[in-house]
Amino acid sequence: MWNAVVKNLLRTKVHQDCSRTLLLVQKGRSILIRPPSSRNHWQHTAGAVQPFSMSTSIQKVEALDVNNFVRIQWEDGSKSLYPAVWLRDNCQCPDCFLHSAKARKLLLEDLDVNIGVKEVTLTDRQKVYITWPDKHTSEFEAEWLKKRCFSEQARAEMQEELFLPECKYWGSDLQLPNMSFEEVLHSDESAYKWLSTLKKVGIVLLTGAATRQGELVKLGKRIGFLRLTFYGPTWQVEDKFDANNVAYTSGKLSFHTDYPVLYHPPGIQFLHCIKQAATGGESEVVDGFHISNKLKEQNPQAFQILSSTLVDFTDVGIDYCDFTMQSKQRIIDVDYRGQVVRINYNNATRDTVFDIPAEKVQPFYAALKEFIDLLNSPEHKFTYKMKPGDIVTFDNWRLLHGRRSYQSGAETSRHLEGAYADWDVVMSRLRLLRKIIQNSN
């Protein structure tokens, strides 16, 4: 029944002209052949794979005498430029590439970075053969080359295919995605939908798990494995005497991300409701990426302060083992393009040590307070209450989560089991599931 849903998720984009890389073309060596018929080509993004008709047949290939490039003209008229040094570095022959491991064997110290092409030929419009000055030969499939075109558009589409960067922002109007826990465990289509939605929206609620410890271990095995931390492979969130973490109390938890005290915080968090309090204990979440972008629009200086100031975090105690942790994190992490990629904020573990000049302290607090006020705005936060058997899965790099207080008594009134996973593990499973679905279609 998930076929229609999966096809909805599997969106396609078509390569257009691959000639956006500009180069002054000098007289070169070329081979011309008659235009061939088109063949099917697969290009997908955001976890998307659907076949569409697109030719990967080559009409003409030539080695340019200047700048050491190979230029390919495709049947549809588009052109691609490939640096000779990149082609030599990525030779797919058994001497240069270990196919059983899909890994390069050629050593960089053996690569001539100024290499040129001695001869280039074309066979059946589908294979490019290159002879190098040292008489080594390389063979490249047309489809392999087209997917690795250096044009801006082709590179962007390849990055979308590899990393699924699409992000759907939300506020209090969030329609919380939910799925069956058992179907996720046993159906590849359901598991793909779960992980792709988790990547895009940042949160998915799984329902129907047993109300006992150990269900998260099954979820960990479904993706690969869970992340071990100082609190163990899984951990129990309940009101504890002499708690070693503020989460192990019945009080209100303000919006936070987990574990900014680790330089590489867990990317995904799982929380399984085993027992829920009769009153109170509601969960709250907010889209940190969305709020960060709003802060940038509203107060660029505050955004600049939070995305550049290193804040000290600390955590000391005993659990899975004893620990004394320290880290420095920016509250808002951005990449080289200035886009937000991770939120690092936990007021409970923010250290009393603050390694910045005194005159910068108050402006930092003012910027942080503005960020927190945006997080707590009713239009931005989403509130829900988990039922026994629910497992909430969410992006710990993107979402900040909190909890309303609840009444505790002599007996345990609220019990959640928690676990972490890394985005590397989740993305690996997502790509594998996408390939399974692609092949089944």
**Fill in**
The residue that is least open to solvent (accessible area, probe 1.4 Å), considering only those in segment 160-180 that are within 13 Å of Leu198 (Cβ to Cβ) and part of a loop (DSSP other than H, G, I, E, B), is Leu164
**Request:** Look at Ala142 and say whether it is open to solvent by 10 Å² or more (accessible area, probe 1.4 Å), within 30 Å of Thr121 (Cα to Cα) and small (Gly, Ala, Ser).
**Result:** no
**Fill in**
Over segment 126-147, the set of residues in a loop (DSSP other than H, G, I, E, B) and in contact with a helix residue (DSSP H, G or I) (Cβ under 7 Å, 6 or more places away or on another chain) is Gln126, Trp132
**Message:** Just to verify a result, which residue in segment 45-57, among those that are under 30 Å from Cys167 (Cβ atoms) and β-branched (Val, Ile, Thr), is modelled with the lowest pLDDT?
**Reply:** Thr45
**Pair list, Cβ < 9 Å and 6+ apart or interchain, from segment 121-140 residues that are at pLDDT 95 or above and small (Gly, Ala, Ser) to residues that are surrounded by 13 or more Cβ atoms within 10 Å (Cβ to Cβ) and not in a strand (DSSP E or B)** = Ser138/Leu87; Ser138/Arg88; Ser138/Asn90; Ser138/Cys91; Ser138/Gln92; Ser138/Cys93; Ser138/Cys96; Ser138/Trp132
**Complete:** Over segment 331-356, the set of residues open to solvent by 60 Å² or more (accessible area, probe 1.4 Å) and more than 22 Å from Asp287 (Cβ to Cβ) is Tyr336, Thr352, Val353, Asp355
**Request:** Return only the number of the condition from (1) surrounded by fewer than 18 Cβ atoms within 10 Å (Cβ to Cβ); (2) modelled with pLDDT under 95 that Lys60 does not satisfy.
**Result:** (2)
**Message:** Give me the residue from segment 181-192 that is open to solvent by 40 Å² or more (accessible area, probe 1.4 Å) and touching a helix residue (DSSP H, G or I) at 6+ places or on another chain (Cβ under 7 Å) and, out of that set, farthest from Phe382 (Cα to Cα).
**Reply:** Asp188
**Message:** Among the residues of segment 347-394, what is the count of those that are out of contact with any Pro (no Cβ under 9 Å at 6 or more places or on another chain), basic (Lys, Arg) and assigned to a strand (DSSP E or B)?
**Reply:** 1
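The values are calculated or read from the model by the stated rules, or taken from the named source; none is laboratory data. Since this is a predicted model, take the numbers as computed values, not measurements. Please note: Cβ atoms are built from the backbone with ideal geometry, for glycine as well, and neighbour counts cover all protein chains shown. Side chains are part of the model used for accessible areas, which takes the heavy atoms of the whole protein and leaves out ligands, DNA and RNA. Shrake-Rupley method; radii C 1.70, N 1.55, O 1.52, S 1.80 Å.
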